[in-house]
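Just so you know, all these numbers are worked out from the coordinates, no wet-lab data involved. What you see is a predicted model, and the numbers here were worked out from it, not measured in a lab. Counting neighbours? That spans all protein chains shown, and the Cβs are built from the backbone with ideal geometry, glycine included.
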């Protein structure tokens, strides 16, 4: 048994003062007022490790030309068999910078040039290679709005309008849905076997709710279109970005439908018409709606190391410091489905945490030690 002492401990659910975090092997053994086992250190503040729920870290890599980035596969409109893990390169220096600021995990996703672009992966930032990096899977990347209609020069059948993109996606879903229904009607009968291609199996899993569509979408009416599609095919989806939402109504609709929002990146430049209403003050609509939400960096759009820094806008909109820490730990873990492993200091969770030399929200303070699954990885 090991332990660390904190004058203030953000647990991901509450704040404890003058408490010990107990560690057994790679997991949290509890929080108490008394030391147990070997004391690893005393710190001003301890927080859970931060989790970035939407990132391209290791895919767009620091120090490499942008045209060598591997976020978007341009061979066809639906490269659904693509796996983002296959493009991950763990020698990206951005991982080190993220670790130094307490961001130890990311959900990496393919880009948004294709309507459906492949499988996502939740990864560890300190792993030696991509196999060791994998924590879990978290759905299939989808994109609506401006991005997929801006790819007219790429290979394959490409949409030139929003309705064209939706039409192509609806066609794929409808074709596979008909196969599913035909197979169901043919069950137990001696008829021609219904065979799904490998790509169609992905669509089948989407239609059957086994895979979540992690959907890039910014504007209000694009989200409304996504809601229609989700209702038509009974899809399990998340809304990712939503940075152009400048009114409360659509967040209320998402709340009613039980659809979470992975919001952000807040500090990025509004570089396209799709973001013309982007403003930090839109956060109030997100908070007031009661919808489940998390916060992303969309690295490299905003660097992963700045995940905590983005929460200042949420504090300005009314969150407490505790709620801001909770946002990028517990809340993000819940949306990614990894809250049984990460996000809080509950017993049995992985012992991944960050030790600070003062208030994390003070710009002059910083992590002085970072632990990942029971082992200190910074400084080394």
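Descriptive notes on the structure:
- With both labels modelled 7 Å from their Cα along Cα-to-Cβ, the residue 178 to residue 157 distance reads 1.2 nm.
- Judged by the mean number of other Cβ atoms found within 10 Å, the most tightly packed of the peptides 4-15, 223-234, 27-38 leads the ranking 4-15, 223-234, 27-38.
- From most to least packed by mean Cβ count within 10 Å, the peptides 364-371, 343-350 give 343-350, 364-371.
- Where labels lie 7 Å past Cα in the beta-carbon direction, separation of residue 13 and residue 228 in nm: 4.3 nm
- Axis of helix 220-233 versus longest Cα principal axis of the chain: the two differ by about 70°, to the nearest ten degrees.
- Alpha carbon Rg of the chain, scaled by the compact-globule rule 2.2 N^0.38 Å: 1.03
- For region 251-305, the mean projected area of the C-alpha convex hull, equal to one quarter of the hull surface, is 4.1 nm².
- Highest-first arrangement of 271-278, 76-83, where packing means the average Cβ count within 10 Å: 76-83, 271-278
- Helix axis angle, 307-316 relative to the chain longest principal axis, alpha carbon, degrees: 90 degrees
- Distance-filtered residues of region 354-380 - backbone nitrogen under 11 Å, label point 7 angstrom along residue 134 Cα→Cβ: none
- Remark: the residue 276-residue 375 segment gains 31.2 nm on full extension, using 0.36 nm per residue and subtracting the alpha carbon distance.
- Extension gain (nm, one decimal) between residue 322 and residue 366, 0.36 nm per residue minus Cα-Cα: 14.1 nm
- On Cα atoms only, tilt of 198-207 relative to the major axis of the chain in degrees: 70 degrees
- Ellipsoid equivalent to region 110-149 - semi-axes via the Cα gyration tensor, in Å: 26, 9, 7
- Expressed to the nearest 5 percent, the antiparallel share of DSSP beta bridges inside region 50-342 is 30 percent.
- Length added when fully stretched, residue 357-residue 194, from 0.36 nm per residue minus Cα-Cα: 52.5 nm
- Between region 122-187 and region 211-259, the Cα center-to-center distance that results, in Å: 16 Å
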